[in-house]
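The structure under discussion appears below in the form of structure tokens.
Read-outs throughout are calculated quantities, based only on the coordinates presented, and are distinct from any laboratory measurement. Small disclaimer: the values here were computed from a predicted structure and weren't measured. With ideal geometry, Cβ positions are generated from the backbone for all residues, glycine too; neighbour counts draw on all protein chains shown.
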There are 2 protein chains.
Amino acid sequence: MRRLIGVATCACLALSACAHHEPPPAPVAPPVAHAVSAGEPVAAALPSWQDSAARAAILKFIAEVTQTGSAQYVPPEARIAVFDNDGTLWSEQPLPFQVIFMIDRLKAVAPQHPEWRRNPIYRALMAHDMATLAKNEKATLQLLEVANSGMTTEEYDETIRDWLASAKHPQLNRPYTELVYQPQLELLQILRANGFTVWIVSGGTTEFMRVFADKVYGVAPENVVGTEEKLKFEMRDGKAVLVREPGLDFWNDGANKPLGIFRAIGRRPILAFGNSDGDREMLEYTTGGAGPSLGLLLNHDDAAREFAYGRQPGSMSLDKAWDEAPRRGWYIVSMKQDWKTVFPASAVR
Amino acid sequence: MRRLIGVATCACLALSACAHHEPPPAPVAPPVAHAVSAGEPVAAALPSWQDSAARAAILKFIAEVTQTGSAQYVPPEARIAVFDNDGTLWSEQPLPFQVIFMIDRLKAVAPQHPEWRRNPIYRALMAHDMATLAKNEKATLQLLEVANSGMTTEEYDETIRDWLASAKHPQLNRPYTELVYQPQLELLQILRANGFTVWIVSGGTTEFMRVFADKVYGVAPENVVGTEEKLKFEMRDGKAVLVREPGLDFWNDGANKPLGIFRAIGRRPILAFGNSDGDREMLEYTTGGAGPSLGLLLNHDDAAREFAYGRQPGSMSLDKAWDEAPRRGWYIVSMKQDWKTVFPASAVR
């Protein structure tokens, strides 16, 4: 999160001109949960996926690990699948959506902070003065953190909920929760139908993602592993609460992702899906176990329907992991070539 | 853990004379999973519990929150029960068992560390020189941490597993995993039979507890929340592993327990069971929500069958939480008076 905020803030705060709008997608059939088994016809599985090598590998993997008696069989409790969120399950351009929320939050509370008017970072944020922000990454993040702290976790959750219910993406003109990827929703569903537990393991904060993960992805709060913000236990008006403090306790990205996985899950996953170098170690850890495993990376190469930035330099780049993929047998999924559709036809649930 | 190690190390490292042996317990029927509902006869529930106020409160609470349509009804996904481990689910005297393991580990690796022979802390540990250890709590802990680091988590888990399979409690003469409390095993079972998810939230380290929690308590690795040791992601021989480093990243005790709960579970529990002041904030948080809740504390007052230390000063003391209990409606469970039996009749599973 820290790195995403820093670099992305400077690159894209104007929220402008990163992509064409997607034409309204053709309606698609709702995904059907489908238990795969070896040898069974799988034509109906993953309907929004083209008949690609990645789709075939996913279906083969699911069939093998669920085949009782096979050498590749994995018992249900060990069928752990981990998914990055930003850029893997939903879009992350022009900025990770949580950063947009944090900026909106800062604007909302600004009237209670007249002292900010003399703060050069605040003024630069309001004026979209990228040059100043680029020179003051750390101070920018600190101001955003201050604006997003002081309240209880329960109060903050309510704010996130309200924002998600009303905010819309500046270019794609949809609520953020409708910028999830239809092919991935189908993948989550087929995994669960085959006994997998799906976890989100992302650089976004756990608290932010939990507000929508259950409703949008079917991922329960306890299966969300993210960056951890500082919290303090307090008694407020005689009630035990957790109060948000500025700063991070754990940054769940890069080489920290396997730590986040170990701490929350306690087992090595057997399937990991990411989209950037921040997911590299998660894939290395997942595919480094003794048994069968599958590593997948989404390449954002679809400027017409979403954004094309996967191989470009920057904090969201797919670069080192791209180079490593062939050696480790990871599949690179091309959004442009492997997905029939990108976003769901209509509101998610 | 840090506090427990420090104080307990100094008080009890000699592992001697803290309690009488328990006479071999009378065989008890294996606990029967029992779905409670309002008005149903509950005589068969919790067979190792005396017919006490605490038992009645537990059964009433379970009946109410599972009664569809009642004002107290709680949907299954929110039926979160959190249990401390040391002193709540199993014994913790003369030292938390994890500390005994760590000392045994230090002894086991000592031959590879000839440099320790000149280390005054090591010499004091070997000689049970309490005076020196008491004056050097921090250095004692650091040496234990060094002795328990350097290996991968997978290697360390194997060591814990081997130790649990062979080590026995110095006074009670049982494997440590048979020093779990029979009445609590019955409580875990009746909670699960009524749709609760049981979590362990303890000062012991997550990694240590996970090795036996599933087998002994039926608590899966992902439902164990504990103290977090420092870890480092590494490639060793081309394989992605997590390597243990000396030191702690998160100490899951006292006011940190609600943070550990929030981060791992993301919902406020509705039932909490502890035994010391280290559990006080966990109970405050659990019973501080808007809906129904139940707080329970185990008082170690049974020198004949286990140990009597609950109200004595020290790191494992039940003091502030004891004073707070009446005001918050928490139940104090007397091991001596409320439990018919303490330990299971024979090996757990």
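Quick check: is even one residue across the range A:191-199 among the hydroxyl-bearing types (Ser, Thr, Tyr) and in contact with a Phe, Trp or Tyr (Cβ under 8 Å, 6 or more places away or on another chain)? Taking every residue of the range A:191-199 in turn, none turns out to be among the hydroxyl-bearing types (Ser, Thr, Tyr) and in contact with a Phe, Trp or Tyr (Cβ under 8 Å, 6 or more places away or on another chain). Considering the range B:268-314 alone, what residues qualify as being buried (at least 20 other Cβ atoms within 10 Å of the Cβ), small (Gly, Ala, Ser) and closer than 17 Å to B:PRO326 by Cβ? Correct list: B:ALA272, B:GLY274, B:SER293, B:GLY295, B:GLY310.
Looking for something in a strand (DSSP E or B) and closer than 22 Å to A:VAL74 by Cβ - is there at least one such residue anywhere in the range A:264-272? Yes, the range A:264-272 contains at least one residue that is in a strand (DSSP E or B) and closer than 22 Å to A:VAL74 by Cβ. When B:LYS340 is tested against the conditions (1) of a type in the set (D, E, K, R); (2) surrounded by fewer than 18 Cβ atoms within 10 Å (Cβ to Cβ); (3) within 14 Å of chain A (Cβ to nearest Cβ), the lone failure is (3).
In the range B:232-253, which residue that is touching a Ser or Thr at 6+ places or on another chain (Cβ under 7 Å) and aliphatic (A, V, I, L, M) is nearest to B:GLY204 (Cα to Cα)? Here the residue is B:LEU248. Considering the range B:180-201, the residues that are under 11 Å from the mean Cα position of the chain (by Cα) and away from chain A (no Cβ under 14 Å) include one that is surrounded by the fewest Cβ atoms within 10 Å (Cβ to Cβ), namely B:VAL180.
Restricting attention to the range A:169-176, does a residue exist that is within 30 Å of A:LEU271 (Cα to Cα) and assigned to a helix (DSSP H, G or I)? Checked against the condition, which is being within 30 Å of A:LEU271 (Cα to Cα) and assigned to a helix (DSSP H, G or I), the range A:169-176 yields at least one hit. Of all residues in the range B:224-243, those that are under 16 Å from the mean Cα position of the chain (by Cα) and either within 8 Å of chain A (Cβ to nearest Cβ) or small (Gly, Ala, Ser) (or both) total 3. Put simply, of B:PRO326, B:PRO313 the only residue that is under 25 Å from B:ARG79 (Cα atoms) and without any contact (Cβ under 8 Å) to a residue 12 or more places away in the chain is B:PRO326. Do we find a residue being more than 18 Å from the chain's Cα centre (by Cα) and away from chain A (no Cβ under 14 Å) anywhere in the range B:244-253? Looking through the range B:244-253, at least one residue is more than 18 Å from the chain's Cα centre (by Cα) and away from chain A (no Cβ under 14 Å). Total residues in the range A:202-223 satisfying the condition of being at the interface with another protein chain (Cβ under 10 Å from one of its Cβ atoms) and of a type in the set (Gly, Ala, Ser): the figure is 2. In the range B:254-268, the residues that are more than 7 Å from every other protein chain (Cβ to nearest Cβ) and over 13 Å from B:ALA81 (Cα atoms) form Cβ pairs under 8 Å with partners that are among the small types (Gly, Ala, Ser) and assigned to a helix (DSSP H, G or I), at six or more places apart or across chains, as follows: B:GLY254/B:GLY278; B:LYS257/B:GLY278. On inspection, B:GLY310 passes the criterion of being touching an Asp or Glu at 6+ places or on another chain (Cβ under 9 Å) and part of a loop (DSSP other than H, G, I, E, B).
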